[in-house]
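A.B. asks: Below you will find the structure I want to go over with you.
Every number in this text was worked out from the coordinates using simple rules, so none of it is lab data. Since we're looking at a predicted model, the values are computed, not measured. Every residue, glycine as well, gets a Cβ built from its backbone with ideal geometry; the counts of neighbours run over all protein chains shown.
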Amino acid sequence: MTIALIRPTTDLYDSWAAAVAEFGGGHIDGSGLQAPVIPGRVTLDQLIADAARLADTSIAPPEDRVHNDLYWIVDDAEVIGFLSFRHDLNEWLREAGGHIGYAVRESRRRQGYASKALALALDRAREIGLDRVLVTCDDDNVASARTIEGAGGVLQDVSDQTERGHALLRRYWITL
Ligand SMILES: CC(C)(COP(=O)(O)OP(=O)(O)OC[C@H]1O[C@@H](n2cnc3c(N)ncnc32)[C@H](O)[C@@H]1OP(=O)(O)O)[C@@H](O)C(=O)NCCC(=O)NCCS
């Protein structure tokens, strides 16, 4: 496995589109895409432009956003999944979204990719000077909870986030 986090690029368009298609048009955590997702060249060009702007810490982000590194989880030249690393927490992120969101395409699950990708994102968080990160998942998302716990996540609480589109949400802090 030669897993890496890379910035979105048109070079891997076909693999990105195939990965996105595997999610069937629904929301994809950490992908930077809004459902219903229609993979296409225009979508990817827009994604790349938006990602570059949000990653640029010399430009203030829009009022309701924070600086963000949008990554693709890749193994060789295959897009395996998606990961978004938010540098800061706004009110919504503090309550529900957390610093890091991710998803792995179905055909590549249970092979350690999410765990590896999260470890790489934690390196990035250390690099920008954070000393802890908030990572959340739905209470019934066993796979994500195990991923977070495997990275050293300590459960803060299980909170009712019905108003934010989640039923019960597990909120973990990972000390860096
Ligand atoms: C959550 C998700 C990213 C995990 O990806 P993955 O690459 O399969 O995860 P890993 O292979 O690194 O496994 C991480 C841990 O979860 C466990 N796990 C993975 N899938 C599991 C499942 N379906 N049931 C139970 N445990 C599971 C693994 O055994 C491993 O635990 P261990 O280290 O204690 O053995 C993936 O299931 C996914 O994309 N789900 C949909 C999107 C999503 O829920 N994103 C997270 C939002 S918070």
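A.B. asks: Counting only residues that are acidic (Asp, Glu) and over 20 Å from ASN90 (Cα atoms), which one in segment 131-159 is nearest to the ligand (Cβ to nearest atom)?
C.D. replies: This residue is GLU149.
A.B. asks: In segment 49-64, is there at least one residue being closer than 27 Å to GLU127 by Cα and among the polar types (S, T, N, Q)?
C.D. replies: yes
A.B. asks: Looking only at strands (runs of 3 or more DSSP E) that lie completely in segment 68-176, which have at least 1 residues being within 26 Å of ARG53 (Cα to Cα) and among the charged types (D, E, K, R)?
C.D. replies: By residue number, 68-75, 78-86, 132-138.
A.B. asks: A further question on this structure: If you scan segment 120-173, which residues turn out to be surrounded by 14 or more Cβ atoms within 10 Å (Cβ to Cβ), touching a helix residue (DSSP H, G or I) at 6+ places or on another chain (Cβ under 7 Å) and closer than 24 Å to ARG105 by Cβ?
C.D. replies: Passing the criteria: VAL133, VAL135, THR136, CYS137, THR147, ALA151, HIS166, LEU169, ARG170, TYR172.
A.B. asks: Under 6 Å between Cβ atoms, at least 6 apart or on separate chains: pull out the pairs that start in segment 102-128 with a residue that is in contact (Cβ under 8 Å) with a residue 60 or more places away in the chain and more than 24 Å from HIS87 (Cα to Cα) and end on any residue that is more than 7 Å from the ligand (Cβ to nearest atom) and not hydrophobic (A, V, I, L, M, F, W, C).
C.D. replies: Qualifying pairs under 6 Å: ARG105/GLU22; GLU106/GLU22.
A.B. asks: Which condition from (1) in a helix (DSSP H, G or I); (2) hydrophobic (A, V, I, L, M, F, W, C); (3) more than 15 Å from the chain's Cα centre (by Cα) is the one that VAL20 breaks?
C.D. replies: Result: VAL20 fails condition (3) only.
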